[in-house]
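Below is one structure, written out as structure tokens, with a few remarks after it.
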Amino acid sequence: MDKVLRNTLYNTVVQCRQLLERDLALQLEGTYGVHGDGTLESLEHLKHLDAVGRADRKAIDAALQHEEAGGATRKEAVERYLRESAFTLLNRLAALKLMEHPSRALIQPSVGASDQSRGFQQFGLISPEATRAQPDAGYRLYLELLFDDLGQTLGMLFDRSVPTSVLFPSQPCLQKVLGLLNDPSLAPVWAEDETIGWIYQYFTPGELREEARRASSAPRNSYELAFRNQFYT
């Protein structure tokens, strides 16, 4: 992959990260009562949450507590949870792009034409009842079922039982992210096996890596270990 193409991928990854983090932050606060400054609304005040929503909030709380146990402040824990949630989503979409590429054809086209992709169109024909009542015609449902199917063989990358899978981008945000990933200028990267490694490398803001390296020559916790060694994951 030449430098021009890597720069295009870098700019795309940064834009996707920013879109996803902003969108997920709004959901985290508006739906689950978890604020960017670290304030947590009590479950008793979140009357709109059903049993599934309450379980999701408890999973988020557990993830935040895990970060705090490692030395993070509550605010830092929320920031990390959002970043890792966005990272998880972008990785999954990128993996689908790589798998559906004609050079591999491991899955039906599912994201290359967004909700007009052949795989989703076939799903709608086979399961019209499952999609009819969905606000996005069932595209989120389709992607989540695809994640679950792939998770049986690929494990962690598509495992929706982890806390960072609670949030899912809104329909407008998802369409913007897919629009960026499907831009013609980026088309050559999806034939390259190294693309997923560059996405790992480019996702974490450079200033965060530099700050961590200035503070310590070695990773000080599991969070720093992850983003300082992402390219080799």
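Points worth noting:
- At q = 0.11, 0.12, 0.24 Å⁻¹, base-10 log of I(q)/I(0) for region 87-166 (Debye sum, equal scatterers on each alpha carbon): -0.28, -0.33, -1.23
- 13 Å beta-carbon shell around residue 2, net charge (K/R +1, D/E -1): 0
- Computed over the chain, the P(r) tail beyond 31 angstrom holds 25 percent of alpha carbon pairs.
- Alpha-carbon Rg with Dmax, taken over region 1-55, Å: 17.3, 54
- Charged neighbours of residue 165, selected by a Cβ distance under 11 Å, balance to -3 (K, R count +1; D, E count -1).
- Kirkwood Rh in Å, taken over all unlike Cα pairs in region 105-146: 10.2 Å
- Mean Cα-pair separation over length for region 17-144, i.e. relative contact order, pairs under 8 Å, 6 or more apart, %: 17 percent
- Exposure of residue 10 as accessible area (Å², to 10), given a probe of 1.4 Å and all protein chains: 100 Å²
- In terms of accessible area, using a 1.4 Å probe and ignoring ligands and nucleic acids, 199, 126 rank largest first as 126, 199.
- 157, 46, reordered so the largest accessible area comes first (probe 1.4 Å): 157, 46
- In terms of accessible area, using a 1.4 Å probe and ignoring ligands and nucleic acids, 190, 198 rank largest first as 198, 190.
- On the basis of the beta-carbon distance and an R0 of 41 Å, residue 29 and residue 192 show a calculated FRET efficiency of 0.65.
- When only Cα pairs below 8 angstrom with a gap of at least 6 residues are kept, region 81-188 shows a relative contact order of 27 percent.
- Take every pair of alpha-carbon atoms less than 8 Å apart whose residues are at least six positions apart; their mean separation over the length of the chain yields a relative contact order of 26 percent.
- Value at 222 nm in deg cm²/dmol, rounded to 500, when DSSP H runs of n ≥ 4 in the chain each add -39,500 (n - 2.57): -19500 deg cm²/dmol
The values are calculated or read from the model by the stated rules, or taken from the named source; none is laboratory data. Every value quoted in this text rests on a predicted model; they were computed, and no experiment measured them. We place every Cβ from the backbone using ideal geometry, glycine too, and count neighbours over all the protein chains shown. Heavy atoms of the whole protein, side chains included, go into the accessibility calculation; ligands, DNA and RNA do not. Shrake-Rupley method; radii C 1.70, N 1.55, O 1.52, S 1.80 Å.
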